[in-house]
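Data block below; observations after.
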Amino acid sequence: MRRLLGIQISLMGLLIILVVLGYTNIIGIENALVSNSTNGTTGSSSINIKTMALNATQAQSHAHAQAQSQAPIKIQTSSVPIKEEGGQQEPPPTLSPFQRKAALHLMNESRPVPPQMTLGAFVHVGKTGGSTLSTLLRNGCNEVAPKPCTPERVSKGNESAVSKLTTYYHDFRRGPREKEVNIFKRPVLHDFFLFTTRDPLERLVSSYLYTHPSNKEAADYSYFETTALFSQKTKELGNNETAVHEYFLQNVFKRSYKEEANEELYACFPTLNEYAALLDNAQDYKEGNWRKFVREGDCANAAKLTVHNMVNDAMMHHLYNLSFITWNLGTGLVNRTIMTVRTEHLNDDWIEVNAFLGQTRDTVQMPHARLKDSSKVDQPVKKILSQENRRKLCHAIERGYKVYLSVIESSVNLSPSEKDKTLQEARDSCPWLNLTLSGTLEQVYGKEWEDWCSKN
């Protein structure tokens with residue numbers, strides 16, 4: 001009996017030691033988060049981290065149940081201060097409940113299998129630099145690929161907080177292959193959404209040029225020129241550039257069904273200027289199959305369908321824009337934390353997002369290569385846009401700007417001065433629009449979105 005009592009006492013002592021060690025580790029992470037938020041400014045935290053640790057599982061279940069309720073749609077924002085330009089600091093913070101939860105997840109070194117258990121979703125909007133950032137993510141491969149990605153993709157020694165806490169989403173199709181992994185099927189699994197974003201006009205222009213059939217062919221040929229086969233055929237064909245290019249078209253260059261659809265659609269507006277010119281009064285359009293309008297010669301209506309997300313198969317980067325994604329996430333955005341990495345400030349935003357999640361700024365690994373970089377390709381179709389057609393393009397995507405600025409305003413990793421900077425950049429890009437930061441997604445989309453969200 002005495003021996004049994006001694007064993008029980010020893011076990012109780014061991015349990016107390018483990019609890020104390022765990023409590024100490026959480027406090028250390030919290031202190032690091034406070035230090036990151038103030039960039040060196042010290043401050044006391046009023047958070048009862050012990051209570052939070054004991055109730056973490058219960059709190060997460062409650063948050064998910066709340067997201068699925070019929071409560072009014074509200075995007076979560078935070079008063080947590082962010083580093084300001086010129087070294088200016090806002091008042092010392094207390095950590096938000098979300099940051100406390102992130103601290104607990106970062107302690108868990110045995111990473112769960114995504115997407116079921118990761119705290120956040122990294123949402124890559126096309127033509128925003130998301131492919132480059134995906135190289136820094138442990139789960140940065142496409143949705144249907146096994147997770148984690150190849151072991152050498154991310155070094156554990158300098159893995160970012162974003163990499164540890166997110167599942168990557170890029171392929172937003174709803175076909176059979178993506179049905180079970182698409183973010184729209186399970187948005188409430190994540191507590192935060194990190195969007196890659198870009199000025200809507202610049203993103204649309206980049207998308208138009210990127211998917212243009214002539215530019216796609218030029219990009220593929222540019223890559224072909226780097227291969228051993230190119231060197232071999234150049235030698236065999238006596239350095240005849242025309243013959244080598246013809247060989248490439250006949251034997252190497254393959255058109256997918258999407259690229260064949262692009263050829264059909266782009267025939268209506270083969271230049272950027274022609275495309276923009278067709279978008280006058282873009283809200284006045286007829287719904288229907290774009291191929292029907294192309295065949296009937298109604299290229300103006302076909303062009304307008306592209307900015308209303310009503311073109312399937314072709315110009316896919318147009319379709320999967322920020323408006324399309326946020327609309328379809330619907331209730332998945334209810335009471336969720338929103339963060340943003342802007343193309344125009346990619347490196348700075350990447351640092352601030354990771355710092356917000358608890359990583360020390362000077363340990364954040366920066367992207368070292370640009371993927372899918374078309375800037376080095378001599379594109380046959382150029383970025384040539386008259387001022388008048390630029391105006392038409394701006395008015396055609398006005399709601400896209402409102403959605404973009406709403407997401408910017410809700411982003412907890414951006415300081416007020418950074419949000420104002422983005423607003424000014426948007427105004428410079430489209431001076432004809434009356435753009436502000438005052439609109440929420442509910443106001444931008446209106447009651448139609450709330451009704452849609454309540455049914456989906």
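The values are calculated or read from the model by the stated rules, or taken from the named source; none is laboratory data. Treat the numbers as computed from the prediction; the structure is a model and nothing was measured. As a convention, Cβ positions derive from the backbone with ideal geometry for all residues, glycine included, and neighbour counts pool all protein chains shown. Protein only, heavy atoms only, side chains kept; ligands, DNA and RNA dropped before computing areas. Shrake-Rupley method; radii C 1.70, N 1.55, O 1.52, S 1.80 Å.
A few points about this structure:
- Legend: Rg and Dmax of segment 203-323, from Cα coordinates, 17.4, 56 Å.
- Residue-wise HN-Hα coupling along segment 305-321, computed from phi with Karplus coefficients 6.51, -1.76, 1.60 (Hz; x: Gly, Pro): 4, 5, 8, 10, 6, 10, 10, 9, 6, 9, 6, 5, 5, 5, 5, 8, 9
- Carbon-plus-sulfur accessible fraction, segment 180-319 (probe radius 1.4 Å, protein heavy atoms only): 47%.
- Full extension of the chain between residue 267 and residue 184 yields a length gain of 26.6 nm, computed as 0.36 nm times the residue separation minus the alpha carbon distance.
- What the Cβ-Cβ distance of residue 381 and residue 108 gives, at R0 = 51 Å and to the nearest 0.05, is a FRET efficiency of 0.55.
- Computed from backbone phi with θ = phi - 60° and the Karplus coefficients 6.51, -1.76 and 1.60, the 3J(HN,Hα) list for segment 293-298 is 5, 5, 4, 7, x, 8 Hz; x is used for glycine and proline.
- Site pair residue 363 and residue 229 shows an inter-label distance of 4.5 nm when each label is modelled 7 Å from Cα along Cα→Cβ.
- Relative to the 2.2 N^0.38 Å rule of thumb, segment 257-338 has a C-alpha radius of gyration ratio of 1.23.
- For segment 300-456, the per residue solvent-accessible surface stands at 42 Å², with DNA, RNA and ligands left out and a 1.4 Å probe.
- What you get for segment 207-299, charging only the Cβ of Lys and Arg (+1) and of Asp and Glu (-1), is a dipole of about 320 debye around the Cα centre.
- Compactness check for segment 250-391: Cα Rg over 2.2 N^0.38 Å is 1.35.
- Across 96, 222, the residue with the most accessible area heads the list, and the full order at a 1.4 Å probe is 222, 96.
- In nm, spacing of pseudo-spin labels at residue 344 and residue 388 (7 Å Cα→C-beta vector): 2.7
- Restraint check, 147/402; 286/402; 382/419; 127/419, Cα-Cα greater than 25 Å: 147/402; 382/419
- Using the Karplus relation 6.51 cos²θ - 1.76 cosθ + 1.60 with θ = phi - 60°, the per-residue 3J(HN,Hα) values for segment 393-409 come to 5, 4, 5, 5, 10, 4, 5, x, 5, 5, 5, 4, 6, 5, 5, 4, 5 Hz, with x marking Gly and Pro.
- Among the GluC sites (Glu not before Pro) within segment 238-342, those in coil by DSSP and having at most 12 neighbouring Cβ atoms inside 10 Å are 287, 296.
- Less than 5 angstrom separates the built amide H of residue 168 from those of 122, all sequence-distant by 5 or more or on a different chain.
- Amide H within-cut-off set for residue 197, under 5 Å, with H built and near neighbours excluded: 341, 342, 343
- Straight Cα distances below 18 angstrom link residue 292 to the lysines 258, 304, with same-chain residues fewer than 8 positions distant left out.
- Ranked from largest to smallest solvent-accessible area, with a 1.4 Å probe on the protein heavy atoms, 242, 166 come out as 242, 166.
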